[in-house]
Structure formats: structure tokens, C-alpha cells
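Here is the structure we will look at, set down as C-alpha cells.
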Amino acid sequence: MSLLDELYRETILDHYHNPRNQGVIDSATVEVEGVNPLCGDELTLYLDVNDNTIRDIKIKSRGCSINMASGSMMTEVMHGHPLEQAEEFVKVFKDMMLNKDETIALPEDMEDLEALQGVKKYPVRIKCALLPWNTLLEAIETTRQEAADGPIKGKTVTTE
């Protein structure tokens, strides 16, 4: 294993064993569940959005180390950002994970996520890394729908 692979592995394991922003937001603006039925990963994402900005983000997740580390890293990146910028971060991350031909450099705010590029070597695991991010997109959409139409009860995102 190369030194870079070892560093990436350590970063993923650190976020898996010491996940950031785990828990529940009691007064969340939106709560969305994400499920990957193929591997059993499950998570609930909580957002507190005010003035189109993510004021707080928490995640409760169960599953593999890739899913949990990805969710932990995602919450660190998203905290305090406007919804539009959060969507852009999701796009950049998904581009990195789904582009098989090259390594994509990430913005400084997202550098820890480079550790997940090694997952591309195992295509079946990419969905594990993407589940928190797809769930966040659904939470952002739900937040916007609620602002326009009123409260929507919890949604579930299923990735296959």
C-alpha cells in the first residue's frame, strides 16, 4: 500500500470511528432518510436551514465505513453554507466519485474528501459514499418545497 493510500485509509477510518456531527436536531427544518437496500446502509439527515443557509446539520447513520465516513466528512463541509453552494459541493463530489478516468482536485473546503477517491477502485462501494450526498440533495429539495408549499413529512431516499 502506498503512503497516499495509507493516508486516505487513516482519514476514512478516523471519520468512521469518530464521526462528526452525529445525532439529531430536535427542531430540524427537515429530516430525510436515506437507504441503500443493496448493502444495508441507512441514515437520517437533519438540517436546520435559516435564510437559505445550513445553520446546523446532523446525521444518524448505520452501515459500512465508507458510508459513515462520507457522511461525517459531508457534514463538516456543509455546515454554515448557503443551499446553492451546498448543491455545488454535492456536484463536485459526485463528479469526483463518478469520473473514472482522472483524479479531480477538490476545493480547499473539501480536501478531506479526496480520501474517498480510492473507493472508485471498487465500483460497488461508490453508492455507499454517495448515499449521504444524495440524501442531502433530497433534503435541500424538501426544504425548498416546504418553504413554498408548507411542511412535508419525512422522505426516504433509496439508492440502487
Roughly how many nanometres apart are two label points built 7 Å out from the Cα toward the Cβ at R144 and K60?
-> 2.8
Close Lys-Lys pairs in region 20-160, where close means Cα under 25 Å and separation is 8 or more or interchain = 24
Please work out the C-alpha center-to-center distance from region 19-96 to region 108-145 and express it in whole Å.
-> 9
If you look at just the Cα atoms of the chain, how large are its Rg and its Dmax in Å?
-> 15.0, 52
Hydrodynamic radius by Kirkwood for region 89-139, inverse mean 1/r across distinct Cα pairs, in Å, is 11.2
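Every number here is computed from the coordinates shown, using simple stated rules; none is lab data. What you see is a predicted model; the values in this text were computed from it and never measured. When we count neighbours, we look across all protein chains shown, and the Cβ atoms used for this are built from the backbone with ideal geometry, even at glycine.
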